[in-house]
Amino acid sequence: MDTANEKTAHAESSMHKRFYIEDAAKWDGQVVTVKGWVYHKRSSGKIKFLVLRDGSGLMQSIFFQGETQPEALAAFEHLTQESSVEVTGRLRKEPRSPGGYELGVISLKTLQIAEAYPISPKEHGVEFLMENRHLWIRSQRQWAALRIRSEIIRAIHEFFEKQKFVRFDAPILTPSACEGTSNLFGTQYFDEKAYLSQSGQLYGEVGAMAFGKVYVYGPTFRAEKSKTRKHLTEFWMIEPEVAFADLNDNMELAEKFIEWIVQSVLANRAPELKILERDMKELEAIRGPFPRVSYDEAIRILERRGVAIPWGEDLGAPHETALGDEFGKPVFLHHMPSQIKAFYFKQSDIVGGPGVEGTGRYALGCDLIAPLGYGEIIGGGQREEDVNVLKRRIAEHGLKEEDYSWYLDLRRYGSVPHSGFGLGLERTVAWLTGVDHVRETIPFPRMLNTLRP
Ligand code: 4AD
Ligand code: MG
């Protein structure tokens with residue numbers, strides 16, 4: 001009988017038997033087959049070295065007359081960088097080999113001899129590497145950064161699952177803006193205009209009123225004309241939204257969340273951090289509480305550090321870097337001037353006070369600024385829950401009330417204080433890996449002038 005269950009069981013067992021370099025310790029002393037690609041090769045007298053990569057790691061294999069079949073020794077000579085091979089041999093401990101094990105080769109099967117590979121160990125310009133992104137990601141540093149990205153994503157889902165959040169998917173095709181109209185990507189949706197989502201937040205708020213606590217995880221789009229090391233036009237955002245939560249609850253959640261991510265990466269991706277030469281001591285010190293600085297205090301700090309800005313202006317890169325340097329760990333910036341924040345923020349007249357009706361000088365926002373100039377990794381805050389104030393804000397922002405009628409309904413039917421935030425995945429990966437540009441934190445970055453591959 002060949003039931004679906006049996007098929008699955010069979011697939012699992014053959015996967016279990018399959019050797020992967022990252023599991024080498026479990027196979028010490030055994031004969032295994034590495035299915036992978038030639039990373040590089042060299043000969044030294046009678047000994048030949050082939051460094052293999054199989055996607056899970058790198059391993060050195062040794063070709064040696066007497067131990068290795070003569071056919072394999074001959075085939076070695078024809079192997080080029082990135083040729084695909086299956087190499088069988090005995091695994092043994094070798095502290096000098098990457099990963100701590102090496103393979104004493106018995107036999108070799110060549111699947112394909114690769115054509116002259118465009119990316120060699122010599123230095124290449126970034127433009128060239130970006131054009132060859134589909135190959136570049138095989139290189140060690142890129143591989144390590146994307147493995148860490150994957151771990152961060154895993155840790156994110158684990159965090160919210162443990163906290164009993166419901167995952168709530170927001171649409172990507174939307175009829176209206178969340179984060180202002182200046183950087184919307186428009187598209188034709190049959191007979192009407194639609195936009196690619198800048199943020200799932202407004203839909204996340206719907207979810208919070210139905211499920212109490214939700215998180216949206218998805219791609220977001222912004223037509224950013226700026227060419228900086230922090231801006232992509234397509235990036236991934238993680239957006240928790242919680243009913244009956246105020247600004248302080250929000251910062252507490254963000255703090256626990258970041259701690260969790262950092263500690264997960266340290267626990268599960270230390271070899272990759274090492275490849276990237278990331279200072280792990282510094283990451284180990286990323287523990288709460290994170291300093292909480294009001295915008296007004298930040299203005300004073302920036303003045304003292306020689307990068308003053310007038311009240312009411314948004315922080316730029318040098319100001320974020322200065323704040324990071326001041327504290328040496330992530331820092332919350334809260335109570336920003338309303339005039340520079342989106343329409344949905346709850347407002348307050350006094351720093352630290354509850355939202356008071358009045359001039360609404362401050363927005364109950366909280367941004368988390370990463371150290372080392374990686375900038376704002378989280379943006380969020382407490383939402384306006386009063387239907388009339390929200391209507392006024394929509395009008396003040398030049399938005400059309402009818403576009404937000406469903407959003408206003410959340411304030412008509414059982415309105416409650418609620419808060420949430422958005423974590424930018426790529427900026428988080430950049431910070432934790434230490435790579436200096438977000439283009440190396442996503443498999444296929446989309447930026448001004450970058451649409452291929
Ligand atoms: O601060 P932002 O614009 O906040 C929002 O979109 C809220 N609606 C989120 C919420 O409260 N649910 O964006 C959130 C984060 C930023 O802190 C940053 O990390 C990232 O998204 N981000 C970008 N990352 C890469 N490229 C860009 N162009 C980005 N714009 C924002
Ligand atoms: Mg922001």
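For this structure, a couple of remarks:
- Region 192-241 versus region 93-154: alpha-carbon centroid distance in Å: 33
- Under-5 Å amide H pairs with S97, H placed in peptide plane, nonlocal only: none
- Restriction of the trypsin sites (Lys or Arg not before Pro) in region 285-348 to DSSP coil positions whose beta-carbon has at most 12 other beta-carbons within 10 angstrom yields R287.
- From phi via Karplus (6.51, -1.76, 1.60), per-residue ³J(HN,Hα) for region 54-64 in Hz, x at Gly/Pro: 10, x, 9, x, 10, 8, 7, 10, 10, 9, 8
- Cβ crowding within 10 Å averaged over residues, with 153-162, 137-146, 362-371 ranked highest first: 362-371, 137-146, 153-162
- Cα-based helix-to-principal-axis angle, 140-162 vs the chain, degrees rounded to 10: 50
- Fraction of antiparallel bridges per DSSP, region 4-112 only, in percent to nearest 5: 90
- Whole-number percent relative contact order across region 4-112, with pairs defined as alpha carbons under 8 Å at least 6 apart: 28
- When +1 charges are put on Lys and Arg Cβ atoms and -1 charges on Asp and Glu Cβ atoms, the dipole computed for the chain relative to its Cα centre reaches about 1360 debye.
- Between region 287-365 and region 36-57, the C-alpha centres lie 53 angstrom from each other.
- Estimated translational diffusion coefficient (Stokes-Einstein, Kirkwood radius over Cα pairs, 25 °C, 0.890 mPa s) of region 168-219: 210 µm² per second.
- In region 45-136, the trypsin sites (Lys or Arg not before Pro) that fall in loop regions by DSSP, at most 13 other Cβ within 10 Å: K46, R96, K122
- Note on region 106-260: antiparallel DSSP beta bridges, both residues inside, total approximately 90 percent of the bridges counted.
- Restricting region 259-358 to GluC sites (Glu not before Pro) that sit in a DSSP loop and have at most 15 other Cβ atoms within 10 Å of their own Cβ leaves E277, E313, E357.
- For the chain, DSSP calls about 90 percent of its internal beta bridges antiparallel.
- The mean sequence separation of alpha-carbon pairs under 8 Å and at least six residues apart, normalised by the residue count of region 130-440, gives a relative contact order of 19 percent.
- Prolate/oblate/rounded call for region 186-294, Cα gyration tensor, a/c under 1.5 rounded: oblate
- Equivalent ellipsoid dimensions for the chain as semi-axes, Å, which come from the Cα gyration tensor, largest first: 49, 24, 21
- Share of pairwise Cα separations in region 29-104, more than 20 Å, in percent: 19
- Cα long-axis angle, helix 295-304 against the chain (0 to 90 degrees, to the nearest 10): 70
- Residue pairs, from the table K35/K122; K164/K341; K193/K400; K162/K213; K281/K329; K17/K48, whose Cα atoms sit over 20 Å apart: K35/K122; K164/K341; K17/K48
Any read-out appearing in this document is the output of simple, stated calculations on the displayed coordinates, not a laboratory observation. On a predicted model such as this, the values are computed, not experimentally measured, just so you know. Here Cβ is always computed from backbone atoms with ideal geometry, including for glycine, and neighbour counts include all displayed protein chains.
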